[in-house]
Amino acid sequence: MAERVGVYVCHCGSNIAGKVDVADVAKFASEHIKDVVVARDYKFMCSDLGQKMVEEDIKKEGLTRVVVAACSPHLHEKTFRRACSNGGLNPYLLDMTNIREHCSWVHKDPVAATEKAKSLVSASAERVKFQQPLEPMYVDVNPTTLVVGGGIAGLQATLELADAGHKVVLVERLPSIGGHMAQFDKTFPTLDCSACILTPKMSEVGQHENVRLLTYAELEEVTGSVGNFHVKIRQKARKVDFDLCTGCGICVEKCPRKVVDTEFEAGMGMRKAIYMPFPQAVPRVPVLDTESCIWFERQRCQTCEKLCPTKAIRFDQEDEIIEVDVGNIIIATGWKPFDCTKIPQYGYGRLPNVYTGMEFERLCNAAGPTSGKIVLRDGKTVPKSVAIIHCVGSRDLNHNPYCSGICCMAALKFAHLLIEKTGAQVYSFYIDIRTNQKDYEEFYQRLLQEGVHFVRGKVSEVTDATRRPDETGKTIVQCEDTLTGRQERYPVDMVILMGALEPQFDARELGLKCGISCSMAGFYTERHPKLDPVATMTDGIFIAGVCQGPKDIPASVVQGAAAAARVAGMITKGKVMIEPIVASIREEDCSGCRICNNMCPYNAIEFDETRAVSRVITALCKGCGTCVSACPAGVIEGAHFNNSQIFAEIEGALWDAVPPAGVPGESESAGVSAS
């Protein structure tokens with residue numbers, strides 16, 4: 001029996017109708033496409049009236065297939081599927097064709113755009129006749145959630161879920177939670193003490209009954225799918241018994257070995273071989289650095305072991321693999337600072353009084369190596385003039401083309417602290433000042449009133465080569481002031497480089513473990529940059545904080561809470577729907593070559609060693625079709641994208657080149673064989 005197809009062409013206001021003659025496209029569908037019994041154009045198909053039109057036509061006209069020519073299926077495919085369901089039609093007997101992004105928005109010629117729209121509608125109408133009714137699948141959701149990363153975004157997500165009564169496993173790579181925010185002195189624009197607003201959250205997470213905290217640990221392996229992930233976590237050996245240690249700190253106090261702290265103090269201070277990163281660390285259990293420890297160097301010392309009152313030191317402790325089952329995963333792994341030595345003309349690592357932003361954070365922090373006193377590298381000289389260079393490694397085609405978002409405000413904060421603590425003359429070298437969040441512009445105006453000298457232009461060089469008598473003993477910043485068009489030299493005592501925010505060094509590796517992708521810059525890719533910025537293309541895995549892209553603390557907190565809300569919603573439902581558009585393997589014909597296993601970008605194909613065949617994990621499959629095209633035996637088929645549908649779509653698209661066979665009045669000899 002012939003199908004009864006309904007075609008609906010959307011004006012999308014003027015987004016489509018401004019370039020495409022939508023009435024002509026609807027008329028074409030009615031007169032020239034076989035089996036089309038209804039063809040309409042409407043101003044906004046996604047509106048309630050547009051959806052009602054589809055529902056009523058399904059019931060009155062007995063439609064068996066529906067085509068909607070509108071915007072992207074990413075935006076409204078669910079909308080029209082729901083309309084089909086309400087009308088009594090299986091939602092997977094709908095096909096959407098995108099005549100906005102693929103047609104009206106990319107063509108200047110209205111006639112050509114209209115003709116292309118006709119081809120797209122024809123292709124969709126021919127394909128939809130071969131689509132099969134599908135039924136969604138449902139899986140149970142494990143109520144435990146894994147959060148990877150103990151910075152402010154990860155802490156917020158953890159507390160939101162834990163306070164709602166859900167179990168959370170929080171994994172942090174470093175010995176303590178807190179992330180970079182624990183290193184900061186003040187937070188802009190309110191200049192709150194960073195530790196004062198962060199440590200209460202850290203303590204709450206550390207003591208929460210619903211939180212299992214695993215610090216000094218890393219994610220090793222992720223298997224399974226949404227609702228039922230099986231995770232392996234490597235708990236690195238602290239060389240301290242976690243259960244016996246009371247955090248008294250005697251071992252740290254008595255340890256004879258001091259080394260430069262390149263992590264928390266950013267190389268500005270010292271720590272012991274056995275140490276806690278900072279006084280408010282959570283958990284308050286030290287870590288023994290085996291690369292610095294005298295015992296591991298030459299089998300001598302053991303001071304910490306001898307003096308520990310609870311005998312908690314374990315020199316023989318080894319890494320441990322912990323396995324947990326979770327329903328969802330939130331990744332909040334944060335960022336790393338740009339390596340300023342990559343721009344040698346700025347003198348970092350060569351000139352003594354050139355600092356990175358993180359080094360200056362520790363320098364002016366009351367709990368830092370100088371107790372908050374801002375001095376030069378000699379440890380005693382207070383700077384009288386300071387240059388702050390913006391966009392070091394950001395907005396730079398040689399390094400990172402993106403804006404790091406927070407550098408302008410951090411530079412303004414540094415300028416304020418310098419003036420407040422030293423009274424120094426501050427020169428801020430910027431490309432553009434970007435203060436686009438709440439109260440940020442007010443903070444910028446405050447700094448103008450405080451007397452900061454803003455110089456618009458990209459710094460070309462930081463040098464100690466003098467040309468004038470007043471430059472002796474100074475560090476010179478060479479810059480073109482783009483507002484005056486002149487090259488200027490600024491002799492200063494200190495230079496601060498506002499380095500870019502970069503993805504973690506292992507971001508891509510972690511993404512592969514979890515089955516999510518990264519952008520060209522290395523940040524994790526969200527499902528939709530505007531409408532779904534915390535979800536990923538892998539169901540059950542969410543992202544929050546700077547690992548998704550540069551952002552400030554408030555935005556990270558919001559994203560952490562948003563990710564937790566998405567997870568909590570799934571837990572509350574108890575089940576999650578899986579899209580049935582997935583690949584399937586005819587196992588009886590599978591040769592076991594395992595090509596598809598290696599090709600799948602979502603790790604959705606497993607190999608059955610017993611039967612020597614591959615099998616699709618339907619909950620992980622996204623129906624991308626990579627395995628279908630890669631299979632040399634042709635035994636993998638993609639639901640909703642089988643050969644008959646694809647060939648019919650091709651024939652439909654070529655309606656004006658080769659008329660489809662069987663259309664009255666057309667030459668039968670011009671038919672196209674799909675074989």
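The values are calculated or read from the model by the stated rules, or taken from the named source; none is laboratory data. Small disclaimer: the values here were computed from a predicted structure and weren't measured. Virtual Cβ from ideal backbone geometry, glycine too; neighbours counted across all protein chains shown. The protein model used for the area step is the full one, side chains on, heavy atoms only, and it has no ligands, DNA or RNA in it. Shrake-Rupley method; radii C 1.70, N 1.55, O 1.52, S 1.80 Å.
A dipole drawn for the chain from +1 and -1 charges on Cβ atoms has a positive end, and of PRO337, LEU397, LEU219 the residue lying farthest that way is PRO337. For the peptides 233-242, 123-132, 271-280, the ranking by packing is 123-132, 271-280, 233-242, with the highest mean count of neighbouring Cβ atoms within 10 Å listed first. For the stretch 337-501, the number of Lys pairs with C-alpha atoms closer than 19 Å, counting only pairs eight or more positions apart or on separate chains, is 11.
Summing Cβ point charges (Lys, Arg +1; Asp, Glu -1) relative to the Cα centre of the chain gives a dipole of roughly 1800 debye. Each helix, a run of at least 4 DSSP H residues, gives -39500 (n - 2.57); summed and divided by the residues of the chain, these come to -8000 deg cm²/dmol at 222 nm.
Tell me, in nm to one decimal, what length is gained between ALA657 and GLN132 on full extension, where the rule is 0.36 nm per residue of separation less the Cα-Cα distance? Intermediate results must be reported in sequence, preceding the final value.
On the way: separation 525, 0.36 × 525 = 189.00 nm, distance 2.78 nm.
186.2 nm is the gain from fully extending ALA657 to GLN132.
Less than 5 angstrom separates the built amide H of ILE388 from those of TYR427, SER428, PHE429, ILE496, all sequence-distant by 5 or more or on a different chain.
Once you charge only the Cβ atoms, +1 for Lys and Arg and -1 for Asp and Glu, what is the size of the charge dipole of the stretch 337-501 about its Cα centre, to the nearest 20 debye?
That gives a dipole near 220 debye.
Measuring nothing but how far apart in sequence close Cα pairs (under 8 Å, 6+ apart) lie, relative to its length, the chain scores a relative contact order of 13 percent.
Averaged over its residues, the stretch 337-501 has an accessible area of 45 Å² per residue, based on protein heavy atoms and a 1.4 Å probe.
When the convex hull of its Cα atoms is viewed from all sides, the stretch 426-516 shows a mean projected area of 9.5 nm².
Based on the Stokes-Einstein relation at 20 °C and a viscosity of 1.002 mPa s, and on the Kirkwood radius from alpha carbon pairs, the stretch 562-653 is assigned a translational diffusion coefficient of 145 µm²/s. The packing ranking, built from the mean of other Cβ atoms within 10 Å per residue, places the peptides 419-427, 395-403 in the order 419-427, 395-403, highest first.
Can you pull the percent of Cα pairs in the chain with separation above 34 Å?
Details: 133323 of 227475 pairs.
When all Cα pairs of the chain are counted, 59 percent exceed 34 Å.
Contact order for the stretch 337-501, expressed relative to its length and based on alpha carbon pairs under 8 Å spaced 6+ residues apart, stands at 31 percent.
Listed by chain and number, the aspartates and glutamates whose alpha-carbon sits under 18 Å from that of LYS19, ignoring those within fewer than 8 places in the same chain, are ASP41, GLU101, ASP109, GLU115.
When N counts the residues of the stretch 337-501, how does its alpha-carbon radius of gyration compare numerically with 2.2 N^0.38 Å, as a ratio?
Details: Rg = 14.9 Å, N = 165, 2.2 N^0.38 = 15.3 Å.
Computed over Cα atoms of the stretch 337-501, the ratio equals 0.97.
In this structure, GLU56 and ILE321 have a Cβ-Cβ separation that, at R0 = 56 Å, corresponds to a calculated FRET efficiency of about 0.40. The Cα atoms of the stretch 237-318 give a gyration tensor whose axes a ≥ b ≥ c have a/c of 1.5 or more with a/b no greater than b/c, which makes the shape oblate.
Taking the solvent-accessible surface of protein heavy atoms with a 1.4 Å probe, what is the per residue accessible area of the stretch 237-318 in Å²?
Details: 4390 Å² over 82 residues.
Dividing the accessible area of the stretch 237-318 by its residue count gives 54 Å².
Give me the percent of accessible area attributable to carbon and sulfur for the stretch 359-451, probe 1.4 angstrom.
For the stretch 359-451, the apolar C and S fraction of the accessible surface comes to 46 percent.
Report the gain in length on full extension from THR381 to TRP105: 0.36 nm times residue separation, minus Cα-Cα distance, nm rounded to one decimal. Don't jump to the answer; show the numbers that get you there.
Numbers: separation 276, 0.36 × 276 = 99.36 nm, distance 6.08 nm.
Separation in residues times 0.36 nm, less the Cα-Cα distance, equals 93.3 nm.
In straight-distance terms, cross-link reach from LYS239 covers every one of the lysines whose alpha-carbon lies under 25 Å from its own, apart from those fewer than eight places away in the same chain; here that gives LYS254, LYS258, LYS272, LYS306, LYS311.
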